[in-house]
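Since the structure comes first, as structure tokens, the remarks are kept for the end.
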Amino acid sequence: MITVVYVSSAVLLMSPTDLLDLLRNSRERNHVAQITGMLLYRDGNFMQVLEGEERVVDALQERIRRDPRHRGMIGLLRQRLAERAFGDWSMGFRNLHELDERERVQVNPFLAPSFAPEHWRASPDKALKRLLRFRQDQN
Ligand code: FAD
């Protein structure tokens, strides 16, 4: 099994309906393919972690890379995995525009200074930490 993390930028700002549409399809497909993970969205930028069998994850990431809804995918991490960290999620999701005040205070250190893809290239470990943090906050 492997895990990958990437960041990318939406070609157009995604409406709630666009995001729901993307999520519904992704969850169905990921469930069948035994892919787990999480997608974050903020200010037109995505960060996603995918977990699963190596060939399945690599093929999915390549399909996502070619998706015309976003561009500029930067792979931050690709590593072997003994155990899933997002095991019960076919695709968790947080739209970071919709945090309440309590959540905003909690996650602010992670949101600063920027959610822009270029920022993460220099600190891929922080990206995974952020995703795991959001995963913990859901419990
Ligand atoms: P088809 O459904 O046959 O679509 C054909 C083409 O149209 C593909 O290039 C597809 O990318 C594109 N397309 C599909 N819907 C739209 C639309 N509404 N607007 C514009 N173009 C469209 N898929 C997963 O299965 N799991 C994931 O975890 C996942 N995460 C994603 C994260 C992001 C940020 C993005 C942008 C997409 C994600 N997708 C995910 C969707 C993925 O890119 C593919 O669209 C999906 O897997 C279906 O692939 P397909 O080749 O069967 O495409």
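Sort segment 14-60 into rounded, prolate or oblate with this rule: let a ≥ b ≥ c be the square roots of the eigenvalues of the Cα gyration tensor; rounded if a/c is under 1.5, and if a/c is not under 1.5, prolate when a/b is larger than b/c, oblate otherwise.
oblate
For VAL5, what charge total do you get from the other residues with a beta carbon under 11 Å from its beta carbon, if Lys and Arg give +1 and Asp and Glu give -1?
Around VAL5, the surrounding residues sum to +2.
Hey, what's segment 1-96 come to in accessible area per residue, 1.4 Å probe, Å²?
53 Å²
The values are calculated or read from the model by the stated rules, or taken from the named source; none is laboratory data. All figures in this text were calculated on a predicted structure; none of them were measured in a lab. Ideal geometry is used to build each Cβ from the backbone, glycine not excepted, and the neighbour counts take in all protein chains shown. Just so you know, the surface numbers come from the protein's heavy atoms only, side chains and all, with ligands and any DNA or RNA stripped out. Shrake-Rupley method; radii C 1.70, N 1.55, O 1.52, S 1.80 Å.
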